[in-house]
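K.L.:
Would you mind keeping the following structure in view while I ask a few things?
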Amino acid sequence: MILRLAANLDAEIFSEVLSNIVLIGASTRFLGFPERFSSELKDALRKEGKVKEAEKAVVAYHLEEVVWKGAAHFATTKIFDELSLSKGAYDDGGSSLISKSCFSWDLKS
């Protein structure tokens, strides 16, 4: 699924996404899951001929702090301002604005 989603991204963003994968949720606590996920992702990338991307792929799973690190990193990316909504916009448009925004993002531009 990760590769299908990432395939629709611009090459620069694709590389950025692969180097910043964050696993969260209870299932990520299964013994060996993060390592297996990382290994299988890298194998799939190599099979598609994306050897350089496979070497850059980094999967973070330090659950105690990973959400904060991911959010902090995302806030420093150049697409953060384009993808985020201001409090004023949310107050004006409500929660339906989030769905409209999420499905209208063009991550290739």
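K.L.:
Are there any pairs, at least 6 apart or on different chains, whose C-beta atoms fall under 8 Å, with the first in the range 91-104 and outside the structural domain of residue 8 (by TED's automatic domain parsing) and among the charged types (D, E, K, R) and the second surrounded by 10 or more Cβ atoms within 10 Å (Cβ to Cβ) and modelled with pLDDT of 80 or more, and if so, which?
P.N.:
From the range 91-104, the pairs are 100/93.
K.L.:
Touching a strand residue (DSSP E or B) at 6+ places or on another chain (Cβ under 8 Å), at pLDDT 85 or above and either surrounded by 17 or more Cβ atoms within 10 Å (Cβ to Cβ) or of a type outside the set (Gly, Ala, Ser) (or both), is that true of residue 31?
P.N.:
Here the answer is no, as residue 31 does not meet what is asked.
The values are calculated or read from the model by the stated rules, or taken from the named source; none is laboratory data. Quick caveat, the model's predicted, so the values are computed rather than measured. Heads up, the Cβs are rebuilt from the backbone with ideal geometry, glycines too, and the neighbour counts pull from every protein chain shown.
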